[in-house]
Amino acid sequence: MKKVIIFSLLFVLSACSYDSSKVKTIVSQVKNDGVEHLKKELKLWTQKEEEQAPEQEVKNTPETKQYINEKIGFSFSYPGDIVLGQEVQTDTFVLDVKIKNIETDNVQGLSRDDLLIMSRNIEKGEFGDVSGWTLDNSKKIYRINDKIVEEGVVFSKVGVCSVVFERNLVFFEGNNLINIKLIADSSDIINENSTFFRSDKTNCGDSQVWIFARQGEFYSNLLQNKIGGTAQAWFNSFESIKNSLKIEESLEKTGLSQSVNIKQVNLSPGESGLKLIWPEISGIKQEEAYKKIVESLDFVENTGKTLEQVERNYKNCHCGLVGSSYAINYRKNNILGLSLVLTYKDSGARKVREERYNYIFDLNTGEKLNIQDLIKPDKINDLLKIINQKLQENIKIAKNKDNFSDFKGEFDKDNLDNFLLSEKGIQFFYNFSEIIPELKKFSFIFVSFDEFGKNNFLFNI
């Protein structure tokens, strides 16, 4: 009987890959001490293996890193072997996070007006295509934490020789454009998937280029986890980043001492074709302050018509007020900077025009703040000097570029009423449109906090 037990024991231990010297020890102990001792030894071994297993598993798990942007209010996790913000190299995936202010920063290939239209379109559920090269069947638009985002894949850009691997996720927060992009080096992916590429020695030399008709198929296979290798690892890494993305605001991030919420409201039915988006504010503790802000942002107060009048007019001629939207420009230290953008179209005209109303509210009182409320009185003239210098530079550029040789302008205190407070400074607007409408693009004058100095403000900006 003992022989049978020992044979069975050796079979089990060999199947579990235990050390042979330990097996011999156990067998000899079975002869001397019997089966009960064997049971105790096996229990101790099992406990030891179970304790060591989790530690081994942790060692084999890739490190996960966190990306947190408290200023905008978003965060996500990403695999530790991904490189953040460097040039893409062989055997690396590069994570590129770009944050651009659409009022003040240069976004290559897109004007401020382009970006404003794009942000409004995304809010309406229309794909904006910030990259300009997104593969058609990869375009998606959906919500993350009540924020509408768009995503897509870019496989090529300018020219037949272009081969890139980029996954993009884009959203707007206030006046900021946020683009999260994961980039892979193309060389390994091309080598591993040669049937999707071809040679074009005439135009591209020895480089392999896309068989363009198969890009859609390549993307579909990635969705189904059929490609494998480097390409699938790149694609799936972005998927994990996307799934971990959180977009939110907190009092700590906004610098507010009270919970102020701004909700987007569609005033008109979607089937009418009229796109009227309006801000709805709540959460302000002081009732009087809340009433003042609501009155300032009232629809009739800003458009001169009731909603019913606007809808009736649009139904008759698709003209008059044809659209509205808003942007949050500044939300910090109990100051709220918000712009209403109203779009008008004349009867029979093809082009539309925009009117923008910029508000800065003191959230403690509800009062609208003007430039004199923000800037120390003895610093107003210093500000005017900076603005006028920038205006004359704009006029000089306009004369040289567009042959507007006979116009001039001077910024005075009356022009200070029209301004926009942003995270980086103040945008002023000079009205050239009465002279030549084409001069509007030269009317934007931005003065950064660094140029003027934050210590010149009455408020903590």
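Starting with the fewest neighbours, write out 343, 134, 365 ranked by other beta-carbon atoms found within 10 Å of each beta-carbon. List each step's numbers first, then the result.
Numbers: 343 17, 134 22, 365 14.
Ranked by crowding around the Cβ, least crowded first: 365, 343, 134.
When a footprinting reagent is the concern and you count Cβ atoms within 10 Å, what order do 338, 169 take, fewest first?
Working: 338 24, 169 21.
With the fewest neighbours first, 338, 169 line up as 169, 338.
In the structure shown, the pairs 139/424; 275/413; 332/376; 71/305; 157/351 are assessed against 26 Å; a Cα-Cα span above that value is assigned to 139/424; 275/413; 71/305; 157/351. Protection proxy ranking, highest mean first, for peptides 182-193, 261-272: 182-193, 261-272, where packing is the per-residue count of other beta-carbon atoms within 10 Å, averaged. Just so you know, the Cα atoms of segment 273-397 work out to an Rg and Dmax of 18.2, 53 Å. Most tightly packed first, judged by the mean number of other beta-carbon atoms within 10 Å of their residues, the peptides 291-299, 329-337 read 329-337, 291-299.
Give the calculated FRET efficiency between residue 347 and residue 294 to the nearest 0.05, with a Förster radius of 30 Å applied to their Cβ-Cβ distance.
Values: r = 32 Å, r/R0 = 1.08.
E(calc), rounded to 0.05, equals 0.40.
Residues of segment 207-226 with an amide N closer than 11 Å to a point placed 7 Å from the Cα of residue 140 along the Cα-to-Cβ direction: 223-224. From the alpha carbon centroid of segment 282-323 to that of segment 195-217 is 54 Å. Overall, segment 254-367 carries a charge dipole of about 460 debye about its Cα centre when +1 sits on the Cβ of Lys and Arg and -1 on the Cβ of Asp and Glu, all other atoms neutral.
Output the direction-averaged projected area (hull surface divided by four) of the convex hull of the alpha-carbon atoms of segment 65-247, in nm². Answer in nm², one decimal: 10.7.
Of 311, 451, how do they rank once you tally other Cβ atoms within 10 Å and put the fewest first? Walk me through the numbers on the way to the answer.
Details: 311 18, 451 12.
By the 10 Å Cβ count, ascending, the order reads 451, 311.
Taking other residues whose beta carbon is less than 14 angstrom from the beta carbon of residue 157, and scoring Lys, Arg as +1 and Asp, Glu as -1, yields -1.
Subtracting the Cα-Cα distance from 0.36 nm times the residue separation, let me have the gained length for residue 203 to residue 309 in nm, one decimal.
32.2 nm
Values in this text are rule-based calculations from the coordinates and carry no lab data. Everything quoted here is computed from the prediction, not taken from an experiment. Here Cβ is always computed from backbone atoms with ideal geometry, including for glycine, and neighbour counts include all displayed protein chains.
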